[in-house]
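As structure tokens, the structure follows; a few thoughts come after it.
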Amino acid sequence: MTARAWPAEFRSHVREFIHTALPPALAGVTGFAERARAYRAALHRAGLAGLGIPAEFGGQGLGEAEERIFAEESAGSVPGEDRVFQVGARLVVPSLIGRGAHDLAREFGPGLLSGEMICCQLFSEPEAGSDLAGVRTRAARTKDGDWLVTGQKVWTSYAQYAGLGLLLARTDAEAPKHHGLSMFLVDMDAPGVEVRPLRQMSGDCEFNEVFFDEVRVPADRLVGRPGEGWPAAVAVLGHERVGVSRGDDSSPRRPIPYERLLELARHGGRDSDPAVRERLLDAFLGQRTAALVSRRIAARTLAGAEPGPETSVGKLLRTANGLHAARLASDVALGAGATWAGDDTLAADAAFWVLDAPGMAMGGGTDEIQRNTIGERVLGLPREHSVERGVPFRDLVRTREGQQ
């Protein structure tokens, strides 16, 4: 079975996949990673994995129209577990292509798109916070040209399942902090890599700490050239904001859909309440607005443009929609103190969404960072003052630690 370029045929093909091919592929498959792999494998067999990725890198080489049709037809049918593949399929492969790392994209693209390999993003660090360029994990070059990586990452989604990691590390402490960084693809099974899952209040273990103790990374796993890590990271974050601003099932963490909110309101007998109906209308309008913004951003990306600062608008919309939806779900589906009856599975499902919602304000960059980006790069406001600009990173570390 192969994808069709003509919209009507393509829509029919997607429907056949959703309603005919997918159910038996997932039948009897349990476990988070197992269901994710089963779905991805079925998607790949149907010729629907990596719709906008060129064929030479393992994708289908199609366009925005096919992406939109797939999102419309698959709404509500994509298993939530597929989010474990979003870093590889939506961030890493497009970023490797965009940065000209075509050999790496050819080597890893097919596996990342087909479900054979899971990839995580190793950017955030405990002492850096939202200051991404402040990473301290270091990569030192060996005599034979390989690299040795030592340091710690945190808030790494699904690292416990990943075989590959996209790592941002410091390779030159004498350069200013934005210029001494490099990017690598790291084997997560390599000696010296340790992954520790973090339990969240929702009960989920999406995030992890990842430790590196002199982990050897081959020379050909460097993305671009040494010192080019910052622009590469900015490109990856642009693709990440495209992903997180999407309102469809492929979003790694998304607002509770309007349709589910309406179901919860009916379940709680609140759907005729005028105040609730007004809030449902706000949720519908927010969802629709975010979808239109996401479609415009996706069209630019598929046309070959690198994601720009406009993606921050989509990210802020998603956060606002997510928090609004969580408050509404809590009010209509949960009792006093956000409690529910033990046998009420719909309310229990709503409770998970409510507890998971605050992370939307942080994942993909905090809302404060997005507002700075919009202010400086979209509205042209003066840049935020920084005493660190042009100062070698080694001196910044000494100053912060009181070693003047």
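Summary of computed values
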item	result
Per-peptide average of other Cβ atoms within 10 Å, ordering 115-125, 369-379 highest first	115-125, 369-379
For region 44-188, with +1 on Lys and Arg beta carbons and -1 on Asp and Glu, the positive-most of VAL78, ALA162, PHE57 along the dipole	ALA162
Radius 14 Å from Cβ of GLU107, net charge of other residues (Lys, Arg +1; Asp, Glu -1)	-3
Mean separation of Cα contacts under 8 Å (6+ apart) over length of region 1-141, as relative contact order %	24
Protection proxy ranking, peptides 24-34, 381-391, 38-48, 201-211, average beta carbon neighbours within 10 Å, highest first	38-48, 201-211, 24-34, 381-391
Potential lengthening between ASP367 and ASP220 on full extension [0.36 nm per residue; Cα-Cα distance subtracted]	49.4 nm
Electrostatic dipole magnitude of the chain [Cβ: Lys, Arg +1; Asp, Glu -1; Cα centre; debye, to 20]	660
Partner lysines for LYS177 [C-alpha distance under 24 Å; skip if fewer than 8 residues away on the same chain]	LYS153
Cut-off 15 Å between beta-carbons: net charge of the residues surrounding LEU285, Lys and Arg +1, Asp and Glu -1	+1
Largest to smallest accessible area among ARG279, ARG300 [probe 1.4 Å]	ARG300, ARG279
Sequence ranges 164-174, 98-108, ranked by mean other-Cβ count within 10 angstrom, highest first	164-174, 98-108
Positive-end residue of VAL293, LEU334, SER272, charge dipole of region 251-349 with Cβ unit charges	VAL293
Solvent-accessible area per residue, Å², over region 282-404 with all protein chains present [probe radius 1.4 Å]	56
Net +/- balance of residues flanking ARG266 in space, Cβ distance below 13 Å, scoring K and R +1, D and E -1	-1
Accessible heavy-atom area order of GLU368, GLU127, highest first, probe of 1.4 Å	GLU127, GLU368
Accessible surface of the chain [probe 1.4 Å, protein heavy atoms]: carbon and sulfur percent	52
The chain: calculated mean residue ellipticity at 222 nm from DSSP helix runs of at least 4, using -39500 (n - 2.57)	-13000 deg cm²/dmol
Average Cα contact separation per residue, region 49-129, under 8 Å, 6 or more apart, as relative contact order %	31
Percentage relative contact order, the chain, counting C-alpha pairs under 8 Å, at least six apart	13
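The values are calculated or read from the model by the stated rules, or taken from the named source; none is laboratory data. It should be emphasised that the depicted structure is a prediction, and the values quoted were computed from it without experimental measurement. Quick reminder, even Gly has a Cβ in these numbers, built from the backbone with ideal geometry, and neighbours come from all protein chains shown. Just so you know, the surface numbers come from the protein's heavy atoms only, side chains and all, with ligands and any DNA or RNA stripped out. Shrake-Rupley method; radii C 1.70, N 1.55, O 1.52, S 1.80 Å.
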